[in-house]
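Encoded as structure tokens, the structure appears first; notes follow it.
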């Protein structure tokens with residue numbers, strides 16, 4: 001059996017010793033990966049599409065080497081490429097394709113021998129980088145050698161994903177090797193039962209100064225209170241899953257989610273991917289490079305959609321609320337199991353880190369705190385789509401490792417499998433795949449009366465909404481102050497000497513001015529016509545943070561997280577509310593305000609005159625109406641005859657300020673002179689809108 005070293009500790013030790021340790025770890029990873037390809041029986045096997053959603057194995061042979069070069073170049077750790085063509089064609093995989101989006105593109109793959117020769121050259125470059133790059137402990141994100149660790153752990157990920165693809169090649173394209181032994185223990189499955197799991201607090205995420213290498217999604221902090229639940233003693237076995245199949249599980253629509261049934265119909269799936277039916281009703285199991293009689297006491301390996309269907313069937317059969325665990329529930333079970341994390345292992349606590357077999361093993365072979373395989377054997381599907389923790393940030397050298405999966409369609413797998421090594425074998429590991437994908441993954445059932453609460457802090461990618469997220473909460477450009485914050489500050493100046501009990505922010509968009517007004521107003525209501533904008537404002541209020549992606553150039557985007565705390569607005573969360581509404585037709589409850597702000601709204605209304613006529617009823621006598629606008633009148637928003645200004649009336653020029661004064665004359669008087677307030681809206685990394693809005697302030701006359 002190939003031996004896998006543990007991921008090295010990066011926060012202490014002698015620097016020369018640490019350099020040698022990283023070199024040993026690199027060589028071990030490199031050797032493991034190359035020895036995996038020894039099971040390929042012929043060069044032809046490298047060019048077969050084992051899975052139609054992924055490249056052939058020739059891509060993955062070159063990909064992990066190319067990754068080292070591309071990242072070292074990006075980090076300016078090496079000055080020249082080795083083979084530019086390879087570093088292009090082997091750079092990007094297709095692992096995130098949808099099951100109904102088959103890629104039929106053709107690739108001009110190089111000969112296998114050339115790729116092996118390329119790998120040998122890359123190995124020398126990486127070893128030279130390890131020997132020469134500066135190393136100062138603790139080694140963190142900004143350390144030059146971090147990019148080497150990134151390449152090593154990336155290759156260990158592909159050690160596992162490539163083994164899944166090899167497992168799908170025709171048997172005559174692979175061969176058994178003594179370095180990759182299959183577990184010899186098979187038999188009848190043990191009876192499974194549900195055991196009580198005490199509730200309690202779990203803390204997810206790790207600090208930036210953690211001793212081990214981590215991917216971006218592992219950092220941050222999330223505290224959660226897990227309610228008591230019951231969990232199956234063992235992972236679901238092949239025998240248990242066969243009961244689901246015999247009960248018509250694959251042909252009964254009600255057991256499947258809509259997504260799951262669409263997949264089943266498309267694939268015409270009748271059994272798990274690695275099951276091989278015999279003509280006499282028997283079953284065999286496809287392992288890495290061979291088929292064996294079905295070991296009924298091994299964990300079943302399925303995708304998340306199949307696991308979810310099994311749980312729904314089990315729930316109907318038992319009358320109990322059976323489902324998959326959440327990420328938080330898995331961590332609660334882990335905490336209670338007492339399984340140590342690396343590097344505190346004297347020996348691997350289960351079938352993990354290539355410590356025992358190159359396959360799964362019986363579900364009761366490794367008991368951990370009364371449960372089988374809390375870690376190891378196969379990954380365990382969860383109910384939880386992957387998201388970043390509060391405090392999440394992307395690494396500048398690999399900004400698309402996690403964020404493409406923050407879409408609600410990639411569910412977390414936990415616990416690791418027999419071939420999970422390095423970072424994958426740590427407790428903090430967070431990997432996710434589309435629900436229809438296969439890994440060496442199974443599942444554990446739990447029973448809980450508590451509904452699953454999914455975190456929905458996805459990155460906002462709607463172009464207009466994300467643009468306004470940056471406009472409201474992002475950085476300042478060209479030394480122009482943040483517009484919503486500046487307008488709120490001017491409102492504060494104009495209302496000096498007043499007690500503002502209640503304020504209304506009409507056309508609040510994503511809500512920055514609403515929060516800023518709450519610094520001096522007792523309560524602020526934000527209203528916008530766009531539900532998309534209000535969703536962001538509510539997310540910022542309820543969670544204290546938002547995430548969004550904005551375009552840089554072409555299809556390239558950058559990812560951002562903003563928090564109320566960093567804007568010194570955390571204390572305003574309890575003083576604001578947000579509603580979707582039409583400024584022309586506000587609900588009667590929205591009245592009695594001391595201040596109304598209509599920022600850049602007036603020239604986007606279909607009847608601004610009607611709005612101004614009605615707004616006086618919303619303001620208390622003596623209250624202020626603050627209007628800002630660049631006076632950009634467009635017929636796509638406002639019929640020309642309803643423009644307040646910017647047109648000729650009876651042959652005379654009428655400005656918008658004159659139109660405002662005329663429309664407000666019966667109920668309002670102006671306060672001070674109008675003031676210009678510039679703003680900048682970022683469209684891309686090199687394109688900006690620079691606009692000047694005019695602010696006018698009007699006081700409602702007292703009777």
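Go through segment 476-508 and report how many residues are modelled with pLDDT under 95 and within 31 Å of the chain's Cα centre (by Cα).
The number of residues fulfilling the criteria is 0.
If we scan segment 330-344, do we find a residue that is modelled with pLDDT of 95 or more, more than 27 Å from residue 205 (Cβ to Cβ), assigned to a loop (DSSP other than H, G, I, E, B) and more than 25 Å from the chain's Cα centre (by Cα)?
no
If the requirement is being surrounded by fewer than 17 Cβ atoms within 10 Å (Cβ to Cβ), over 25 Å from residue 184 (Cβ atoms) and touching a residue at least 24 places away in the same chain (Cβ under 8 Å), which of these qualifies: 325, 340, 321?
321
Filter segment 558-584 down to the residues that are assigned to a helix (DSSP H, G or I), without any contact (Cβ under 8 Å) to a residue 60 or more places away in the chain and within 27 Å of residue 684 (Cα to Cα) and list them by number.
565, 566
Among the numbered criteria (1) within 20 Å of residue 161 (Cα to Cα); (2) out of contact with any helix residue (DSSP H, G or I) (no Cβ under 9 Å at 6 or more places or on another chain); (3) assigned to a helix (DSSP H, G or I); (4) touching a residue at least 40 places away in the same chain (Cβ under 8 Å), which single criterion is violated by residue 18?
Of (1) within 20 Å of residue 161 (Cα to Cα); (2) out of contact with any helix residue (DSSP H, G or I) (no Cβ under 9 Å at 6 or more places or on another chain); (3) assigned to a helix (DSSP H, G or I); (4) touching a residue at least 40 places away in the same chain (Cβ under 8 Å), only one is false for residue 18: (1).
Considering only residues that are over 21 Å from residue 238 (Cβ atoms) and touching a helix residue (DSSP H, G or I) at 6+ places or on another chain (Cβ under 9 Å), look in segment 402-417 and name the one that is modelled with the lowest pLDDT.
Checked segment 402-417; the qualifying residue modelled with the lowest pLDDT is 403.
For segment 664-703, give me the residue count where each residue is surrounded by fewer than 15 Cβ atoms within 10 Å (Cβ to Cβ) and under 34 Å from the mean Cα position of the chain (by Cα).
The total comes to 8.
So which strands (runs of 3 or more DSSP E) stay within segment 585-663 end to end and still have 1 or more residues that are in the same structural domain as residue 498 (by TED's automatic domain parsing) and farther than 23 Å from residue 528 by Cα?
Passing ranges, in order: 619-629, 647-649, 652-654.
Here is a yes/no grid of residues against (1) closer than 30 Å to residue 402 by Cα; (2) in the same structural domain as residue 413 (by TED's automatic domain parsing):
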| site | (1), (2) |
| --- | --- |
| 181 | no, no |
| 189 | no, no |
| 214 | yes, yes |
| 223 | yes, yes |
| 240 | no, yes |
| 264 | yes, yes |
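From (1) more than 28 Å from residue 513 (Cα to Cα); (2) assigned to a loop (DSSP other than H, G, I, E, B); (3) in contact with a strand residue (DSSP E or B) (Cβ under 9 Å, 6 or more places away or on another chain), pick out the condition that doesn't hold for residue 436.
Result: residue 436 fails condition (3) only.
Within segment 272-284, can one find any residue that is within 24 Å of the chain's Cα centre (by Cα), under 21 Å from residue 434 (Cβ atoms) and without any contact (Cβ under 8 Å) to a residue 40 or more places away in the chain?
No, that holds for no residue.
What tally of residues in segment 194-218 results from selecting those that are farther than 17 Å from residue 342 by Cβ, touching a strand residue (DSSP E or B) at 6+ places or on another chain (Cβ under 7 Å) and in a loop (DSSP other than H, G, I, E, B)?
3
If residue 420 meets every condition in (1) in contact with a helix residue (DSSP H, G or I) (Cβ under 8 Å, 6 or more places away or on another chain); (2) not in a loop (DSSP other than H, G, I, E, B) apart from one, which number is that one?
Single failed check for residue 420: (2).
The values are calculated or read from the model by the stated rules, or taken from the named source; none is laboratory data. Small disclaimer: the values here were computed from a predicted structure and weren't measured. Neighbour counts are summed over all protein chains in view; Cβ atoms, including those assigned to glycine, are modelled from backbone coordinates with ideal geometry.
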